[in-house]
Amino acid sequence: MKKILLGIVGLLFSLGAFAQKDSLALDENNKYIYYKTVDQPGAVADTLYDRGLYFFKKAYPAKALKLTKADKDGNALTGTGSFLINKKGLVGNSEGGEMAYTLRVEVKDGKYRYWLTDFVYQPYQRNRYGNAEFMHGKDVALEKASEKLSKADFNACLNQVVISSKHVGDNLKAYMLKTSSLEKHDVKKVKRVSTKEW
């Protein structure tokens, strides 16, 4: 019995340590940021850029994530997206709102980095039909959400931001590894002309 109890306690501590591995940090502007750098040996920047572009176009519906800017020099992509945040309740969780964010992907030969930042919480309210809808004018930056939300809701919100950010990052990594992710461009067949015969 003692061995089982110690095993369960050890498992809980290891899960807690695993959950702490990914976390939000503060950037130089005191904004929450989820930042990762990924080495991908043998991949050139152009290929990684094309795969990142394909990720923005195909990985999520346009409402969940859309490309807003592709740098002309071909080394950075920026997009905006959102994910659902649940609110703690007495009986269970309910839809609390959406968390809007900005995703930036930068590529170099053999590696890329990405970060999610500019988190803005958009709370929901129930309308007269019982459907969830945005509370207009109540948007709050994640950095100031601790003042507007209860402590339990704020902590749950932070945990959900980390989990959702990790999910977006894992999905991006999967697309960056796919060699078949590049769309086939329609190449018009060039008409050949022989100058020897006329």
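Points worth noting:
- Taking every residue in the stretch 116-140 that is under 22 Å from Leu158 (Cβ atoms) and part of a loop (DSSP other than H, G, I, E, B) and pairing it with any residue that is at pLDDT below 75 and aromatic (Phe, Trp, Tyr), at least 6 positions away or on another chain, the pairs with Cβ-Cβ distances below 8 Å are Met135/Tyr124.
- Residue count for the stretch 142-165, restricted to those that are surrounded by fewer than 16 Cβ atoms within 10 Å (Cβ to Cβ) and under 25 Å from Phe56 (Cα atoms): 2.
- Filtered by the rule that a residue be of a type in the set (Lys, Arg) and either within 18 Å of Leu172 (Cα to Cα) or surrounded by 13 or more Cβ atoms within 10 Å (Cβ to Cβ) (or both), the stretch 21-48 gives Lys31, Lys36.
- Residues in the stretch 49-81 that are under 15 Å from Ala100 (Cβ atoms) and among the hydroxyl-bearing types (Ser, Thr, Tyr) were compared, and the one that is least open to solvent (accessible area, probe 1.4 Å) is Thr78.
- Counting only residues that are in a helix (DSSP H, G or I), modelled with pLDDT of 50 or more and not β-branched (Val, Ile, Thr), the stretch 1-47 holds 7 of them.
The values are calculated or read from the model by the stated rules, or taken from the named source; none is laboratory data. Predicted, not measured: the structure shown is a model, and the values here were computed from it. Here Cβ is always computed from backbone atoms with ideal geometry, including for glycine, and neighbour counts include all displayed protein chains. Accessible surface areas use protein heavy atoms only, side chains included; no ligands, DNA or RNA. Shrake-Rupley method; radii C 1.70, N 1.55, O 1.52, S 1.80 Å.
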